[in-house]
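Engineer: Before anything else, here's the structure in question.
Each reported figure results from applying straightforward, stated rules to the coordinates on display, with no laboratory input. From a predicted model like this one, the values you see are computed outputs, not experimental measurements. Ideal geometry is used to build each Cβ from the backbone, glycine not excepted, and the neighbour counts take in all protein chains shown.
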Amino acid sequence: MEDLDFYKTLICRYLSGAASRSEVTLFFRLLESGELDPLIEDQLRYDLRQELSTIRKRNKERRIRWQIGIAASILLCVTSLWFFLPHNETPKAERTNLVSTTKNVALGQIDSVLLSDGTKVWLNAGSKIEYPEKFDGGERKVKISGEAFFDVTHNAKVPFVIETEQKQVKVYGTSFNVKSYKDEKFTVAVKNGKVGVKEVNSDKEWLLTKNDLITYSEKSKAILLRNQNLETILAWKQGDIVFDGKSLAEILPAIQRKYNIKIKLSHPNIGKLQMIGRYKNTSLSTLLEAMKFSLNIGYEKKGELVLITTQDR
């Protein structure tokens with residue numbers, strides 16, 4: 001679902017003329033691979049590929065900006081053939097001329113951003129990413145706080161570097177999750193590829209490969225786990241809440257971010273309760289009822305505050 005929305009947004013940015021050079025390059029690469037075929041009518045697909053062929057022939061003689069202009073002009077002539085997206089839905093096209101951009105994701109929301117090298121980043125609620133409009137030099141560097149999933153475009157010569165307050169993450173082309181919320185364990189989980197996690201201001205580094213997980217806190221320091229099932233860690237991308245045996249106190253921050261609420265416990269022992277289950281895009285009221293039944297607790301909701309109590313209160 002995320003890929004479909006991403007492709008729709010990319011196509012709309014191209015058609016509107018808001019696409020950056022890297023987005024235009026990614027657009028034609030996806031077009032040539034056939035990944036955009038389900039979203040494009042036959043005639044429009046033919047015209048686009050004809051234009052791609054023309055651009056390649058002129059590549060040695062023309063500047064890329066002129067090429068993009070010609071391609072956009074041709075596309076405007078065939079927009080009447082465009083049926084890939086309902087007309088009452090228009091993905092947001094953000095264009096910025098700033099050297100550096102900061103994107104904040106509100107509580108209760110999940111958002112994504114496409115970087116200039118084609119890297120896709122999904123951001124969890126209460127997260128922030130700072131990134132350059134265009135990557136220059138010998139590395140691709142971004143800064144994050146909160147939680148993000150990266151699908152990094154491979155470039156062995158130009159590593160991708162993520163800076164957080166706790167650690168630095170260095171990759172060359174892979175997909176992985178970074179969690180760096182304040183007052184929570186720092187976590188990196190690798191879905192594919194190879195990742196290096198480095199101490200800030202230190203040469204110490206941990207190397208992670210597919211299905212590896214590392215956590216860090218001031219109390220436990222670094223714990224590296226190999227060959228893990230990362231399904232529960234990545235569930236937030238689908239908007240899911242997962243109870244996998246962790247204590248209620250450990251899972252409460254994720255619930256508060258997802259639903260943009262504040263939860264208080266009437267007694268500290270309630271935070272030690274554990275439950276198992278996965279709730280897919282569940283409403284807050286349904287989740288609270290499930291917790292009430294599974295944990296034998298009560299709750300009171302007043303506006304954006306939820307007080308969890310013992311059942312015999």
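Engineer: So if each residue of separation counts as 0.36 nm, and I subtract the Cα-Cα distance between ASN260 and GLN238, what length gain in nm does that give? Before the final figure, lay out each step's value.
Structural biologist: Values: separation 22, 0.36 × 22 = 7.92 nm, distance 1.69 nm.
Gain in length upon complete extension: 6.2 nm.
Engineer: With r defined as the distance between the Cβ atoms of ASN269 and LEU305 and R0 fixed at 30 Å, what FRET efficiency is calculated, to the nearest 0.05? If you can, show how the numbers build up before the last one.
Structural biologist: Details: r = 20 Å, r/R0 = 0.68.
Here the calculated transfer efficiency is 0.90.
Engineer: Among rounded, prolate and oblate, which fits the range 243-313 when a ≥ b ≥ c are the square roots of the eigenvalues of its C-alpha gyration tensor, a/c under 1.5 means rounded, and a/b larger than b/c means prolate? Intermediate values should be presented prior to the final figure.
Structural biologist: Details: a/c = 1.35, a/b = 1.06, b/c = 1.28.
Taking the square roots of the gyration eigenvalues as a ≥ b ≥ c, the range 243-313 is rounded.
Engineer: Please list the three semi-axes, largest first and in whole Å, of the ellipsoid equivalent to the range 140-201, using sqrt of 5 times the eigenvalues of its alpha carbon gyration tensor. Can you show the working numbers first?
Structural biologist: Working: eigenvalues 70, 30, 17 Å².
For the range 140-201, the ellipsoid semi-axes come out as 19, 12, 9 Å.
Engineer: Still on this structure: What whole-number distance in Å separates the alpha-carbon centres of the range 264-292 and the range 118-137?
Structural biologist: 32
Engineer: Nothing charged except the Cβ atoms of Lys and Arg (+1) and of Asp and Glu (-1): what's the magnitude of the dipole of the range 172-313 about its Cα centre? Round to the nearest 20 debye.
Structural biologist: Details: 24 positive and 15 negative charges, 26 e Å.
Using only the charged Cβ atoms, the result is roughly 120 debye.
Engineer: Take the Cα of SER33, step 7 Å along the line toward its Cβ, and report every residue of the range 181-219 whose backbone nitrogen sits under 16 Å from that point.
Structural biologist: Inside the label zone: 192-193.
Engineer: Hey, another quick one. Set the Förster distance to 41 Å, then compute FRET efficiency between LYS194 and SER283 from the Cβ-Cβ distance, nearest 0.05.
Structural biologist: Numbers: r = 39 Å, r/R0 = 0.96.
Computed FRET efficiency for LYS194 and SER283 comes out at 0.55.
Engineer: What is the set of long-range amide H partners of THR310 at a cut-off below 5 Å, with H atoms built 1.01 Å from backbone N?
Structural biologist: Here GLY298 satisfy the definition.
Engineer: Related question: Shape of the range 208-292 from its Cα gyration tensor (a ≥ b ≥ c, root eigenvalues): rounded if a/c is under 1.5, otherwise prolate when a/b > b/c, or oblate? Don't skip to the answer; put the middle values down first.
Structural biologist: Numbers: a/c = 2.20, a/b = 1.43, b/c = 1.54.
The shape class here is oblate.
Engineer: Which pairs, out of LYS179/LYS292; LYS143/LYS302; LYS185/LYS301; LYS185/LYS210; LYS120/LYS210, put more than 25 Å between their alpha-carbon atoms? It would help to have the intermediate numbers written out before the result.
Structural biologist: Numbers: LYS179/LYS292 28 Å; LYS143/LYS302 36 Å; LYS185/LYS301 28 Å; LYS185/LYS210 21 Å; LYS120/LYS210 18 Å.
Distance filter (> 25 Å) returns LYS179/LYS292; LYS143/LYS302; LYS185/LYS301.
Engineer: Could you sort the peptides 190-197, 109-116 by per-residue average Cβ neighbour count (10 Å cutoff), highest mean leading?
Structural biologist: Details: 190-197: 20.2, 109-116: 18.5.
Top of the packing list down: 190-197, 109-116.
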